[in-house]
Amino acid sequence: MYRSLQAGRAVAATLVLLFHLGSAIAAEKYFGIEWFSIPFSFGNSGVDFFFVLSGFIIYYVHKNDLGKPSSLKKYIYKRVVRIYPTYLIVFIGVYLLAITAPQLRNTVPHDIGLIIQSLLLIPLNRDVVGGTGAPVIIVAWTLQFEMMFYIAFALGILKKTAGSLLIALYLLGLGFNIGSIGFPLSFIFSEYIILFIMGMLVAQLVSHKPIMKQNPKYFATTGLLIYVLVAIDEVVNFQFFSAVQTMLYGVGCSFIVLALVSYERKGKAFLGHNFFQLLGSASYALYLIHYPLISILCKASMFAGLKSYGVVGALISYFIIFITCIIAAIAFHLFIEKPISEWLRKVLGKSNESISLGFTEKQALGSNPLKSGTRGS
């Protein structure tokens, strides 16, 4: 349905890749060229877009399930299949690689309880665990928020008023800064949760004809203006918006999602080419595998002696690593992620149900990018 949103998650995952890649090249242990981290220092905003998009998709696809407990089993199945198979494969692969390499062995946890918590995406206190609160796949902290949102929405499916009450309690807690008390309240009342709510609000707005009759360029202009201003603030390091950066990115991304949906309903799909649709399908794989790949390939660059070539060596490594991550993610999606999805449908008798392992559902994003034609720009 919305090929523009599928392309949007491709762009978001690529921004996160460029953010981490630039930071790695700039790291002293690799090339130590600081300016490599500057151009895409705003790339972490791809996570904000994903949260908004996730809120939009879940509400858009499942809003009719709210208050219908009979829909809960199907909802849980789709959520589990969406997140865990790909995550577990990448987690186990990275963990085994780390413990078999003497120089990496101490970078992963050895406590069984902590490993199980990480596998199940149970929120972890980053002040105790260190880093992002996800000790093996460092980007998995975002999946911890995803799972909490899914559980909250599941409560809304059991009882519709429960969902509204949770939102009210969250906003109340945010207003009283309850998250400052410490973990786990700091996690539960994180400002990231409001991004999911923003996405849900957009999903509600697109069902109103007066909203959809408006010229999409107004939504697009507003969203891009907010997003670009905050991004520039990050790049030049003015920190003018630092206190409200996440919220502003969320608002900007919400208007962008609204604009993309509005444009597509009027027959204009942005980045509708099959490649962007395929990369959108592979965005979850790209998101999970890019960080360990960057680490491995940066070490390979050092081994190959590219650091001795200075900026030229850094540029060569930068582009090789970027292209390798994209190709690896697409290959992972086509030859591992997608076959597992199809196998699960077959085994569980869900041949008529559309299941996506990415950040969104095919119901809201469109058909198979390898079988559908190109349309839009």
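Select from region 281-313 the residues that are small (Gly, Ala, Ser), in contact with a Gly (Cβ under 9 Å, 6 or more places away or on another chain) and more than 18 Å from Pro85 (Cα to Cα) and write down the one among them that is surrounded by the most Cβ atoms within 10 Å (Cβ to Cβ).
Our first condition is that a residue be small (Gly, Ala, Ser); within region 281-313, this holds for 281-283, 285, 295, 300-301, 304-305, 308, 310, 313.
Checking which are in contact with a Gly (Cβ under 9 Å, 6 or more places away or on another chain) leaves us with 281-283, 285, 301, 304-305, 313.
Those left that are additionally more than 18 Å from Pro85 (Cα to Cα): 301, 304-305, 313.
Working: Ser301: 22, Ala304: 13, Gly305: 9, Gly313: 19.
Ranking the candidates gives Ser301 first.
Per-residue answers, yes or no, for (1) under 19 Å from Leu53 (Cβ atoms); (2) without any contact (Cβ under 8 Å) to a residue 12 or more places away in the chain; (3) within 22 Å of the chain's Cα centre (by Cα):
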| site | (1), (2), (3) |
| --- | --- |
| Tyr150 | yes, no, yes |
| Ala162 | no, yes, no |
| Gly173 | no, no, no |
| Ser180 | no, yes, no |
| Phe183 | no, no, no |
| Phe189 | no, no, yes |
| Leu205 | yes, no, no |
| Lys209 | no, yes, no |
| Met212 | yes, no, no |
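Only residues that are small (Gly, Ala, Ser) and over 20 Å from Arg79 (Cα atoms): list them for region 155-202, please.
Applying the first criterion (small (Gly, Ala, Ser)) to region 155-202 yields 156, 162-164, 168, 173, 175, 179-180, 182, 186, 190, 199.
Within region 155-202, Ser164, Ala168, Gly173, Gly175, Gly179, Ser180, Gly182, Ser186, Ser190 meet the criteria.
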If Val136 satisfies every condition in (1) hydrophobic (A, V, I, L, M, F, W, C); (2) in contact with a Ser or Thr (Cβ under 6 Å, 6 or more places away or on another chain); (3) assigned to a helix (DSSP H, G or I) but one, which is the exception? (3)
Out of all the residues in region 266-277, is one or more surrounded by fewer than 17 Cβ atoms within 10 Å (Cβ to Cβ) and more than 26 Å from the chain's Cα centre (by Cα)? yes
Looking only at region 47-66, decide whether some residue is modelled with pLDDT of 95 or more, crowded, with 22+ Cβ neighbours inside 10 Å and assigned to a loop (DSSP other than H, G, I, E, B). no
Considering residues that are within 21 Å of Ile232 (Cα to Cα) and surrounded by fewer than 18 Cβ atoms within 10 Å (Cβ to Cβ), the number found within region 24-40 is 4
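Taking the condition of being in a helix (DSSP H, G or I) and either surrounded by 12 or more Cβ atoms within 10 Å (Cβ to Cβ) or in contact with a strand residue (DSSP E or B) (Cβ under 8 Å, 6 or more places away or on another chain) (or both), how many residues in region 82-119 meet it? Before the answer, list the steps.
Of all residues in region 82-119, those in a helix (DSSP H, G or I) come to 82-100, 105-107, 112-119.
If we keep only those that are either surrounded by 12 or more Cβ atoms within 10 Å (Cβ to Cβ) or in contact with a strand residue (DSSP E or B) (Cβ under 8 Å, 6 or more places away or on another chain) (or both) as well, we get 82-95, 97-99, 107, 114-115, 117-119.
Matching residues across region 82-119 total 23.
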Which residue out of Tyr263, Tyr309, Tyr218, Tyr291 is within 21 Å of the chain's Cα centre (by Cα), of a type in the set (Phe, Trp, Tyr) and at pLDDT 95 or above? Tyr291
Listed by first then second residue, the pairs whose first member lies in region 298-310 and is in contact (Cβ under 8 Å) with a residue 60 or more places away in the chain, whose partner is basic (Lys, Arg) and assigned to a helix (DSSP H, G or I), with beta carbons under 9 Å and at least 6 positions apart or on separate chains, are Ser301/Lys307
Do we find a residue being in contact with a Ser or Thr (Cβ under 8 Å, 6 or more places away or on another chain), within 18 Å of Leu288 (Cα to Cα) and at pLDDT 95 or above anywhere in region 89-100? yes
Taking the condition at pLDDT 95 or above and either outside any helix (DSSP H, G or I) or farther than 21 Å from Ser4 by Cα (or both), does Ile232 pass? yes
Taking region 222-265, which residues are buried (at least 19 other Cβ atoms within 10 Å of the Cβ), touching a residue at least 24 places away in the same chain (Cβ under 8 Å) and of a type in the set (S, T, N, Q)? Thr246, Ser254, Ser262
Scan of region 245-269 for residues that are touching a Gly at 6+ places or on another chain (Cβ under 9 Å) and either in a loop (DSSP other than H, G, I, E, B) or of a type in the set (A, V, I, L, M) (or both), ordered by number: Val251, Ile256, Val257, Leu258, Ala259, Leu260, Gly267, Lys268, Ala269
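The values are calculated or read from the model by the stated rules, or taken from the named source; none is laboratory data. Everything numeric here is computed off the predicted structure, so don't read it as measured data. We place every Cβ from the backbone using ideal geometry, glycine too, and count neighbours over all the protein chains shown.
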